[in-house]
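Here the structure is laid out as structure tokens; the discussion comes afterwards.
The values are calculated or read from the model by the stated rules, or taken from the named source; none is laboratory data. Keep in mind that what you see is a predicted model, and the values were worked out from it rather than measured. Because the Cβ atoms are built from the backbone with ideal geometry, glycine has one as well, and the counts that use them run over all protein chains shown.
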Amino acid sequence: MCYRDQENKVQTKVYKKPTHTGQYGNYNSNQPYWVKISTIKTLVNRAKSICTTEKDFELELKYIKNIMKLNDFPSNVIDKIIHETLNNTHPNNGNKRDRNEDEIMMHIPYERGVSEKISRKAKRFGITTRFTKTKSLKSILNIEEYDKWSSTGVIYKVNCQDDCDKIYIGETGRTLEKRLKEHQADSKKLPSENMSGLSKHAIEVGHQPKWKEVNIICKENNIVKRKWKEAAFILRNKDYLLNKKEEIKNLSSIWEPII
């Protein structure tokens, strides 16, 4: 924004629209730390490049501190990043590091508390980790109830009846409806080794799984990735499963401490 000061000199300062909400990425959001602090660095650098008077610059810094607190940033983090940005003392100095031709790069989706562990373990073997953006809440919830049964490429969970805490986790590349009909048909036959643990449980114990309350816990069209994800969900819930757990063979044991 341009304006004239008392001496009729043209000055500039940061302008914010009346509709500006001051809402930035929350400190508690599921984002890597460097992504969160980049908001502060960007706002400070913007103030440095636009504000032509010390007064406007100080007012803008005060605004940045207050607005970041409203976005749940700790005061010590705000002060630290502002100080580093103003003095250009951040380790990366805003520049990308030159990549070594022999460097091994691994890109993984970011999940707070898990991705950091993987990154630290990978670093021991000379592997550099880069985090990629995970699905948004909107995309996760974008499975319409009326379309659930015709969904393909899904990992699903079936709960047993109310007085049984057992669950079954499965995957299918076909429609969910077709796969469940197969489970239901098998549950009316004599038990065999070829049928799923869910159908076998229904026959041997006489329980009625909640067929109409099936949950889609993940959507993945790539069959290899879907098998891996199914194995991860099975491993995470192995104490309550009706699965034969053969699917876990698809997942390397090195992931078990993390999952």
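Please specify each residue of the stretch 81-110 satisfying the condition of being at pLDDT below 80 and surrounded by 14 or more Cβ atoms within 10 Å (Cβ to Cβ).
Passing the criteria: only H90.
Can you spot a residue in the stretch 238-259 that is out of contact with any helix residue (DSSP H, G or I) (no Cβ under 8 Å at 6 or more places or on another chain), modelled with pLDDT under 90, closer than 26 Å to Y110 by Cα and among the aromatic types (F, W, Y)?
No, the stretch 238-259 contains no residue that is out of contact with any helix residue (DSSP H, G or I) (no Cβ under 8 Å at 6 or more places or on another chain), modelled with pLDDT under 90, closer than 26 Å to Y110 by Cα and among the aromatic types (F, W, Y).
To keep it simple, each residue is scored yes or no on (1) at positive phi; (2) modelled with pLDDT of 90 or more; (3) over 32 Å from the mean Cα position of the chain (by Cα); (4) not hydrophobic (A, V, I, L, M, F, W, C).
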| position | (1), (2), (3), (4) |
| --- | --- |
| N142 | no, no, no, yes |
| K148 | no, no, no, yes |
| K157 | no, yes, no, yes |
| E171 | no, yes, no, yes |
| E177 | no, yes, no, yes |
| K181 | no, yes, yes, yes |
| S196 | no, no, no, yes |
| N222 | no, yes, no, yes |
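So, of the residues in the stretch 1-37 that are hydrophobic (A, V, I, L, M, F, W, C) and not in a strand (DSSP E or B), which turns out to be farthest from E116 (Cα to Cα)?
Applying the filter and picking the extreme gives M1.
Write out, first by first residue and then by second, each pair whose Cβ atoms fall under 6 Å of each other, whose residues are 6+ apart or on separate chains, and whose first residue, in the stretch 220-239, is assigned by TED's automatic domain parsing to the domain that holds R174 and under 12 Å from G170 (Cβ atoms) while the second is among the polar types (S, T, N, Q) and assigned to a helix (DSSP H, G or I).
K227/N250; A231/N250
Scan the stretch 13-51 residue by residue and report those that are within 18 Å of K62 (Cβ to Cβ) and in contact (Cβ under 8 Å) with a residue 40 or more places away in the chain.
Within the stretch 13-51, K13, V14, G22, Y24, I40, K41, V44, N45 meet the criteria.
Inside the stretch 161-206, can you point out the residues that are among the basic types (K, R) and more than 21 Å from I234 (Cβ to Cβ)?
From the stretch 161-206, those among the basic types (K, R) are 166, 174, 178-179, 181, 188-189, 200; that's our starting set.
Across the stretch 161-206, the qualifying residues are K178, K181, K188, K189.
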